[in-house]
1. By how many degrees, 0 to 90 and rounded to 10, does the Cα axis of helix 2-33 deviate from the longest principal axis of the chain?
2. Sum up the lysine pairs in the range 42-122 that clear both bars: alpha-carbon distance under 21 Å and a spacing of 8 or more or different chains.
3. Roughly what angle does helix 103-122 make with the longest principal axis of the chain, taking Cα atoms, 0 to 90 degrees, to the nearest 10?
4. Could you give the angle, 0 to 90 degrees to the nearest 10, between helix 49-61's Cα long axis and the longest principal axis of the Cα atoms of the chain?
5. Where does each of 100-106, 17-23, 51-57 land if you order them by average Cβ count within 10 Å, highest first?
6. How big is the equivalent ellipsoid of the chain along its three axes, where each semi-axis is √(5λ) from the Cα gyration tensor, reported in whole Å from largest to smallest?
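Bear in mind that the values in this text are calculations on the coordinates, not laboratory data. What you see is a predicted model; the values in this text were computed from it and never measured. Ideal geometry is used to build each Cβ from the backbone, glycine not excepted, and the neighbour counts take in all protein chains shown.
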Amino acid sequence: MRDTREKWEVLIELLTGIQTELQLLNALIKTTKKVERDSQDFLFLPFKGSEIYLLEKAFLDSGGCPNENYKTLLEKTVPFLANRNQKGFSAQSFCKYSDKVDPEAKDNVKRFLQRMIRNIDSYD
């Protein structure tokens, strides 16, 4: 009976040690994920969120990234974008801008794209 009790105590001690190590590893993972990005890490855009959404969508729909879908493109780009209201976006939260697209946002993006076309025409 005493042998069994001692074996259980050793096992409990071992499991407690493993639990402590796992807690330390989890804490380390959480702290490394919460590292704040420096403002240099962001691409600052003079657009509202709905306008950035339209630019991303138009870029993808016109074949700008044929090997990406909308979700993967957002996951790779929007965390590094910033505007005057927000630094970095998540792909999930960025999708909310699809509901906020209005005629003014569409017109602003169209004017921007037209300026790009005029610039391209002027390049030698």
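1. Around 20 degrees separate the two axes.
2. Lysine pair count for the range 42-122: 25.
3. 70 degrees
4. 80 degrees
5. By packing density, highest mean first, the sequence is 51-57, 100-106, 17-23.
6. For the chain, the ellipsoid semi-axes come out as 52, 15, 14 Å.
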